[in-house]
């Protein structure tokens, strides 16, 4: 893979090959000791006003494709990922995730799933027009929807199979603006934001209500095993906030994001210790609007061509977030030298920076871990 461009022939540029592990064969005591050390370093990083942390992510690609449908196979693969994670140095632990596609919240309103072989599930919008969504907040039973029941059942299975001793995140709930695209054709919803703004806001508000309700239910189920902010983020039992994938922000102007999305993201954040925002692609232009979220804890972006075909400019994120207390999580796929090059551009005093690494050779990764930390010593 060239360092200069995204390789479209690779299924998952962030993935690490792992060998599945049966729950009965997993060394819980070894992993608990490893995770406790990582949790301690994560908590220390959160207490600082500035600094760098490193999360080495072992992303199991099959779990984020069609094998997410089988909770037993998902757990075996994720346990293999946890075993692999202990070969590396990290300031946050690897954790289990009940990933069941990105359509969980949309499914609460009746959206269906399609399961292409070898791919992640696709969400089939329920509504033919935004006008049909005017009663979205009407009384209903979300747990009558198979996807929500299956997500909770997966969490229960993970807890039982691991004796509740391994950290688990919430599912990938997505932000309201992303979920809207799982309920109706996104182009129609974007037009409604112009033509019927009150209706669009009521739809987004109803989605935010469901995100809060289902996340509360998951929190009660997961109890002390819960790590946050969750999907795609360096997470820990010491963590704060709720991760909201907000990729559709680049489909609207920063001003529209402020008008339609900021209040609901802040409202969701208030329930769970703050809002944490991710978007794929190049989204520096939206940082000013995202920073209007009153309880913003962290933002995430991609910063190398191997991570995203449109990686972000390091300096824009660095300068926007330094001295704000908002953590920047930077995903950088590449070899050690390429990662260091990006981290040198990202780091400046006053910044709280989490670097997500994917270097697969343990010796190279450990050396990289120490070199990244040396930048702020």
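The values are calculated or read from the model by the stated rules, or taken from the named source; none is laboratory data. Computed from a predicted structure; not experimentally measured. Here Cβ is always computed from backbone atoms with ideal geometry, including for glycine, and neighbour counts include all displayed protein chains.
Restricting the first member to the stretch 160-174 and to residues that are at positive phi, and the second to residues that are at pLDDT 95 or above and in a loop (DSSP other than H, G, I, E, B), the beta-carbon pairs closer than 7 Å and six or more apart or on different chains are 174/102. Only a single criterion out of (1) buried (at least 23 other Cβ atoms within 10 Å of the Cβ); (2) closer than 24 Å to residue 201 by Cα; (3) touching a strand residue (DSSP E or B) at 6+ places or on another chain (Cβ under 6 Å) is not satisfied by residue 343, namely (2).
Only a single item in (1) assigned to a loop (DSSP other than H, G, I, E, B); (2) modelled with pLDDT of 95 or more; (3) out of contact with any helix residue (DSSP H, G or I) (no Cβ under 9 Å at 6 or more places or on another chain) is not met by residue 309, and it is number (2).
Hey, among the residues in the stretch 30-62 that are within 19 Å of the chain's Cα centre (by Cα) and part of a loop (DSSP other than H, G, I, E, B), which one's nearest to residue 82 (Cα to Cα)? Applying the filter and picking the extreme gives 58. Screening residue 83 on (1) surrounded by fewer than 22 Cβ atoms within 10 Å (Cβ to Cβ); (2) at negative phi; (3) not in a helix (DSSP H, G or I) shows it passes everything except condition (3).
Got at least one residue in the stretch 14-26 being in contact with a helix residue (DSSP H, G or I) (Cβ under 9 Å, 6 or more places away or on another chain), within 17 Å of residue 172 (Cβ to Cβ) and modelled with pLDDT under 95? Yes: one or more hits. A residue that is at pLDDT 95 or above, in a strand (DSSP E or B) and closer than 26 Å to residue 84 by Cα cannot be found anywhere in the stretch 358-377.
Take residue 240 and decide whether it is surrounded by 23 or more Cβ atoms within 10 Å (Cβ to Cβ) and within 18 Å of residue 278 (Cβ to Cβ). Criteria not met by residue 240. Each residue in the stretch 87-119 was checked for being surrounded by fewer than 18 Cβ atoms within 10 Å (Cβ to Cβ) and either farther than 19 Å from residue 213 by Cα or at pLDDT 95 or above (or both), and 8 of them qualify. Of the helices (runs of 4 or more DSSP H) contained entirely in the stretch 118-235, those carrying at least 2 residues that are under 30 Å from residue 81 (Cβ atoms) fall at 146-161, 176-180, 197-222.
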